[in-house]
1. If you roll a 1.4 Å probe over the chain with all protein chains in place, what percent of the accessible area is carbon or sulfur?
2. If each DSSP helix of 4+ residues adds -39,500 (n - 2.57) and the sum is divided by the residues in the chain, what number results at 222 nm, nearest 500 deg cm²/dmol?
3. With a 1.4 Å probe and all protein chains left in place, how much accessible area per residue does the chain have, in Å²?
4. Under 13 Å from the Cβ of residue 46, count the other residues' Cβ atoms, weight Lys and Arg +1, Asp and Glu -1, and hand me the total.
5. Enumerate the lysines that residue 16 could reach by cross-link, defined here as Cα to Cα under 27 Å, with residues fewer than 8 away along the same chain left out.
6. Between residue 54 and residue 7, what's the calculated FRET efficiency when r is the beta-carbon distance and R0 is 22 Å? Round to 0.05.
7. If I stretch the segment between residue 63 and residue 18 completely, what's the gain in nm (0.36 nm per residue apart, minus their alpha carbon distance), one decimal?
Amino acid sequence: MNKIEDTYNMMPTIFKEHAGMPDHYNNLTTDQKRFIIEMFDIDREAVKKSLLETLNEMKGLIDEL
């Protein structure tokens, strides 16, 4: 969980202000925290899927060589 908190706290304040979110993770409501956690998990899965696809492509290229 610290990674999510750290990432949120490192985001520029202006982005959070425009979204109507507090500057620090600890000041988020329970619903806001749930939203941030869900976004983090979805993004992480998308990156993981993309990396696995790239890895499989690279394996295919190596097999061709």
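The values are calculated or read from the model by the stated rules, or taken from the named source; none is laboratory data. Every value quoted in this text rests on a predicted model; they were computed, and no experiment measured them. Heads up, the Cβs are rebuilt from the backbone with ideal geometry, glycines too, and the neighbour counts pull from every protein chain shown. Side chains included, ligands, DNA and RNA excluded: accessible areas come from the protein's heavy atoms. Shrake-Rupley method; radii C 1.70, N 1.55, O 1.52, S 1.80 Å.
1. 59
2. Theoretical 222 nm ellipticity from helices: -25500 deg cm²/dmol.
3. That works out to 85 Å² for each residue.
4. -2
5. 3, 33, 48
6. Between residue 54 and residue 7 the formula returns 0.45.
7. In short, 11.3 nm is gained.
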